[in-house]
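Working notes for the structure below.
The values are calculated or read from the model by the stated rules, or taken from the named source; none is laboratory data. Source: prediction; values computed, not measured. With ideal geometry, Cβ positions are generated from the backbone for all residues, glycine too; neighbour counts draw on all protein chains shown.
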Amino acid sequence: MNPIDEYHQHITRRSLFGRAAMGLGGAALASLMSGGKTFADETPKSFGGLPGLPHFAPKAKRAIYLFMAGGPCQQDLFDYKPKMEPLFDKDLPDEIRQGQRLTTMTSGQARFPLAPSKYKFAQHGESGAWMSELLPYHTKMADDLCIVKSMFTEAINHDPGITYICTGHQLPGRASLGSWLSYGLGNLTDDLPSFVVMTPTWSNGKTAQALYNRLWGSGFLASKHAGVALRTQGDPVLFLSNPPGVKPEARRRALDTLTRLNQQTAAEYGDPETQTRIAQYEMAWRMQSAVPQLMDFSDETKQSLENYGPDVEKPGTFASSALLARRMAERGVRFIQLFHRGWDQHGNVAGHLPTQCKDVDQPCWALINDLKQRDMLDETLVIWGGEFGRTAYCQGSLTRENYGRDHHPRCFTIWMAGGGIKPGITYGETDDFSYNITENPVHIHQLNATILQCMGIDYRKLSYKFQGLDMKLTGIDNRGPVNDILV
């Protein structure tokens, strides 16, 4: 796709005759075929998207990405390493580090003392998945999860790391995962955006790594594919409400007039962004009624609210956002992404990590449980994880009761559940220090290719021509989906 092609897709006199000519040929070809239903006939109705997508029957109609920004400590949550316990305060062996580059936060340390997790681990469910005591609600859904312990990336700092996993490139300017899904598949509703983002509050202090809207931006794609951010205070979406004194009838007349002007501009200049502007104005009009209904929890049962925990009715919390994610999934939003900040435990793991886990543990379980009870989990892909992991050695002072961990790109843990993913399995393995991958490495490009696969997209075929290149979410290294974790 390119702007010229997109312009010619709109009905002009010339394109109308061109389409009619091709349409006659298509009709003739169809008459020679069996007449049976095509795959496109069987896919659910969508709004927008590219012709020919999905490429094959999708397992998931929608996806919810629970992004733990900062890099969760995998060895304190999912990657149990009992052999580190007797090695407390011993130096990380050189043969394990293998000369790996370090951040400036620990590269100047005189030594790299090992910090075994202070938290107790146990196996849970029929799958026997190891989980930390910090995640008591996760243990209840062990058999619903696919835990991948062998993720890796090349980025070692937050900004390039999170940009990399969200857009497929460490430098800004590329389209985000949600934007690619919106561009390729369109939406399942015309009342809400195809891609919605929430940035809930966190309990780990007041400061955290910054989040930039490029993480949910559309890059070189049309701006209508960018994520729409729901706010925690005031109007959920900026400028959605009518100004004081402006009645809906007046707003409608103004939009109609503006649409006619924009259509004239589009016909004269052929800029696809003008069509985007028209579409976004109309979406905003429909959202004026759809968003207040979405945000109103009065139709939720008491049990449902209790499942998400005591913070569910506090706007902007992770619990409230998780419930909103389920409500958006019900209403046809294609991709929902929550960015929960504060997982950057360089020091005081004992003080900060438990509060972070308490923020998300129960709401994550409630979300999965909610989707199961509503027969939605099989068609909803849920992903949980951050941009990289944490080091086995301590940053700063080390005691038995507290320690810090630096960034670690060589291995980290995520989990997935729902549409297209095998439940109740643990995939990949790391060494005794959770430092190097020893079995089934999974690059972040493979994670994104797997997400696309679950949504019915061949990662090799979803591209966009920009600056002379065929841009892809998964880059050019041709790392495909992780078939071993797919149903």
### Query
Which ones in segment 103-112 are surrounded by fewer than 19 Cβ atoms within 10 Å (Cβ to Cβ), closer than 19 Å to His408 by Cβ and not basic (Lys, Arg)?
Thr103, Thr104, Met105, Thr106, Ser107, Gly108, Gln109
### Message
Among the numbered criteria (1) over 28 Å from Asn448 (Cα atoms); (2) assigned to a loop (DSSP other than H, G, I, E, B), which one does Asp256 miss?
### Response
(2)
### Query
Considering Gly108, Gly186, Gly178, Gly161, which residue is at positive phi and assigned by TED's automatic domain parsing to the domain that holds Leu469?
Gly186
### Task
Take the residues in segment 155-167 that are β-branched (Val, Ile, Thr), touching a helix residue (DSSP H, G or I) at 6+ places or on another chain (Cβ under 7 Å) and over 26 Å from Leu377 (Cα atoms), then tell me which one is surrounded by the most Cβ atoms within 10 Å (Cβ to Cβ).
Ile162
### Ala266 vs. criteria surrounded by 11 or more Cβ atoms within 10 Å (Cβ to Cβ), among the small types (Gly, Ala, Ser) and under 19 Å from Ser223 (Cα atoms)
yes
### Message
Criterion first (β-branched (Val, Ile, Thr), surrounded by 23 or more Cβ atoms within 10 Å (Cβ to Cβ) and in contact with a His (Cβ under 8 Å, 6 or more places away or on another chain)) does Val360 satisfy it?
### Response
yes
### Message
Among the numbered criteria (1) of a type in the set (A, V, I, L, M); (2) surrounded by fewer than 24 Cβ atoms within 10 Å (Cβ to Cβ); (3) touching a Pro at 6+ places or on another chain (Cβ under 8 Å), which one does Ala417 miss?
### Response
(2)
### Message
Please determine whether any residue of segment 350-358 is in the same structural domain as Ala63 (by TED's automatic domain parsing), within 17 Å of the chain's Cα centre (by Cα), more than 25 Å from Gln293 (Cβ to Cβ) and at pLDDT 95 or above.
### Response
no
### Single residue of segment 114-128 satisfying the filter (free of Cβ contacts under 8 Å to residues at least 24 places away in the same chain and not small (Gly, Ala, Ser)) that is surrounded by the most Cβ atoms within 10 Å (Cβ to Cβ)
His124
### Task
Identify all residues within segment 375-387 that are of a type outside the set (Ser, Thr, Tyr) and either buried (at least 18 other Cβ atoms within 10 Å of the Cβ) or assigned to a helix (DSSP H, G or I) (or both); write none if there are none.
Leu377, Asp378, Glu379, Leu381, Val382, Ile383, Trp384, Gly385, Gly386, Glu387
### Message
Out of everything in segment 129-150 that is part of a loop (DSSP other than H, G, I, E, B) and touching a residue at least 24 places away in the same chain (Cβ under 8 Å), what residue ends up being surrounded by the fewest Cβ atoms within 10 Å (Cβ to Cβ)?
### Response
Pro136
### Query
Identify, please: which residue in segment 458-487 is among the β-branched types (Val, Ile, Thr) and closer than 22 Å to Gly385 by Cα and is, among those, surrounded by the most Cβ atoms within 10 Å (Cβ to Cβ)?
Thr474
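One line per residue, one yes/no per condition, for (1) without any contact (Cβ under 8 Å) to a residue 24 or more places away in the chain; (2) surrounded by fewer than 22 Cβ atoms within 10 Å (Cβ to Cβ):
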site	(1), (2)
Thr153	no, no
Thr189	no, yes
Pro200	no, no
Val246	yes, yes
### Message
Of everything in segment 104-145, what is over 16 Å from Cys73 (Cα atoms) and among the hydroxyl-bearing types (Ser, Thr, Tyr)? Give them in sequence order.
### Response
Thr104, Thr106, Ser107, Ser127, Tyr137, Thr139
### Task
Scan segment 444-470 residue by residue and report those that are touching a Ser or Thr at 6+ places or on another chain (Cβ under 9 Å) and under 24 Å from Lys61 (Cα atoms).
Ile444, His445, Gln446, Asn448, Ala449, Leu452, Gly456, Tyr459, Arg460, Leu462
## Note on the structure
Residues of segment 322-351 being in contact with a Pro (Cβ under 7 Å, 6 or more places away or on another chain), among the aliphatic types (A, V, I, L, M) and either assigned to a strand (DSSP E or B) or free of Cβ contacts under 8 Å to residues at least 24 places away in the same chain (or both), in sequence order, are Leu338
### Message
Take the residues in segment 299-321 that are in a helix (DSSP H, G or I) and either touching an Asp or Glu at 6+ places or on another chain (Cβ under 6 Å) or at pLDDT below 95 (or both); name whichever of them is surrounded by the most Cβ atoms within 10 Å (Cβ to Cβ).
### Response
Phe318
### Query
Residue check: is Lys372 more than 19 Å from the chain's Cα centre (by Cα), within 22 Å of Gly404 (Cα to Cα) and outside any loop (DSSP other than H, G, I, E, B)?
no
